[in-house]
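Novice: Here it is: the structure, laid out below.
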Amino acid sequence: MDRRIVIVGFMGSGKTTVAKALAARLGCGLADLDAIVSAQQNMGVPELIKERGESSFRDAETAALQVVLDRQAPRIIALGGGAWTLERNRELISKHECLTVWLDAPYDLCWQRITDHPAPRPLALDETAARDLYRERQPLYALAKIRVGVTDQMSTHDLAAKIAEAVERHAT
Ligand code: S3P
């Protein structure tokens with residue numbers, strides 16, 4: 001089987017949208033970790049964080065990641081923004097030899113998308129909290145194998161093509 005691809009990046013970097021386009025382009029399946037956690041817990045991720053706390057959400061997230069990785073399929077896995085920042089999750093991903101792709105979007109673009117998006121992000125409730133988290137996480141996202149720079153000029157299609165090329169280059 002072709003190597004699995006894990007998409008990481010800050011909230012609003014476009015992980016889910018780009019992962020869908022990439023899966024369509026490569027003709028393979030997609031798992032969205034937030035959607036899986038939400039289905040398993042029967043609750044939206046924002047509610048889960050608000051009602052049970054971040055640590056409980058992180059445990060459910062790691063458990064879901066473990067199941068997805070053990071299952072061997074699908075090929076594309078989109079993480080929630082915080083999943084990659086936990087060492088235990090990075091270790092799991094590395095143990096399963098997945099290729100990690102960081103969607104590196106500028107802070108302003110992420111913030112604009114966070115505020116435009118109807119789904120609340122309990123960990124980015126205000127600009128200062130979001131900016132601090134963004135700064136703190138950049139060095140961790142940079143641990144991904146492949147970095148793809150994102151600008152607001154680039155379409156989802158462009159980004160999926162860029163990732164597919166980078167993955168191809170990485171394989172040769
Ligand atoms: C989080 C990002 C969210 C979601 C949760 C926590 C984070 O996913 O997992 O609200 O810690 O960055 P998106 O990155 O898809 O918004």
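The values are calculated or read from the model by the stated rules, or taken from the named source; none is laboratory data. Not measured: the values here are computed from a predicted model. Note that we place each Cβ from the backbone using ideal geometry, even for glycine, and neighbour counts take in every protein chain shown. For accessibility, only protein heavy atoms count, side chains too; no ligands or nucleic acids. Shrake-Rupley method; radii C 1.70, N 1.55, O 1.52, S 1.80 Å.
Novice: With the condition kept exactly as written, say whether any residue in segment 45-54 is out of contact with any Pro (no Cβ under 9 Å at 6 or more places or on another chain) and loosely packed, with under 14 Cβ neighbours inside 10 Å.
Specialist: yes
Novice: Could you give me the residue pairs with C-beta distances under 6 Å whose first residue belongs to segment 129-143 and is among the aliphatic types (A, V, I, L, M), whose second residue is not in a helix (DSSP H, G or I) wherever it lies, and which are 6+ apart or on separate chains?
Specialist: Within 6 Å, the pairs are 130/124.
Novice: Here is a further query. Return the only residue of 147, 113, 169 being among the basic types (Lys, Arg) and within 14 Å of the ligand (Cβ to nearest atom). Full working, then the answer.
Specialist: Values: 147 fails: within 14 Å of the ligand (Cβ to nearest atom); 169 fails: within 14 Å of the ligand (Cβ to nearest atom).
Only one candidate passes the filter, namely 113.
Novice: Let me ask something else. Based on what the data block shows, is residue 109 open to solvent by less than 20 Å² (accessible area, probe 1.4 Å) and part of a helix (DSSP H, G or I)?
Specialist: yes
Novice: Then there is this: Could you list all residues from segment 60-77 that are part of a loop (DSSP other than H, G, I, E, B) and exposed (fewer than 14 other Cβ atoms within 10 Å of the Cβ)? Quick ask: steps written out before the conclusion?
Specialist: Of all residues in segment 60-77, those part of a loop (DSSP other than H, G, I, E, B) come to 71-75.
Result: 71, 72, 73.
Novice: If you don't mind, another one. Go through segment 1-28 and report how many residues are basic (Lys, Arg) and in a helix (DSSP H, G or I).
Specialist: 3
Novice: Regarding segment 124-135, can at least one residue be identified that is at pLDDT below 95 and in contact with a helix residue (DSSP H, G or I) (Cβ under 8 Å, 6 or more places away or on another chain)?
Specialist: Within segment 124-135, one or more residues are at pLDDT below 95 and in contact with a helix residue (DSSP H, G or I) (Cβ under 8 Å, 6 or more places away or on another chain).
Novice: Restricting to segment 118-155, name every residue that is open to solvent by 80 Å² or more (accessible area, probe 1.4 Å), under 19 Å from residue 102 (Cα atoms) and part of a loop (DSSP other than H, G, I, E, B).
Specialist: Residues satisfying the conditions are 143, 145, 152, 153.
Novice: Among the residues of segment 26-35, is there at least one that is farther than 22 Å from residue 164 by Cα, open to solvent by 70 Å² or more (accessible area, probe 1.4 Å), at pLDDT 95 or above and of a type outside the set (Phe, Trp, Tyr)?
Specialist: no
Novice: Looking at residue 39, is it away from the ligand (no atom under 11 Å from the Cβ), open to solvent by 30 Å² or more (accessible area, probe 1.4 Å) and not in a loop (DSSP other than H, G, I, E, B)? Explain how you work it out, then say what you get.
Specialist: Numbers: away from the ligand (no atom under 11 Å from the Cβ): yes; open to solvent by 30 Å² or more (accessible area, probe 1.4 Å): yes; not in a loop (DSSP other than H, G, I, E, B): yes.
For residue 39, the condition - away from the ligand (no atom under 11 Å from the Cβ), open to solvent by 30 Å² or more (accessible area, probe 1.4 Å) and not in a loop (DSSP other than H, G, I, E, B) - is met.
Novice: While we're here: Quick check on segment 45-100: of everything there that is polar (S, T, N, Q), within 16 Å of the chain's Cα centre (by Cα) and over 22 Å from residue 21 (Cβ atoms), which residue is nearest to the ligand (Cβ to nearest atom)?
Specialist: Across segment 45-100, the extreme among qualifying residues is 85.
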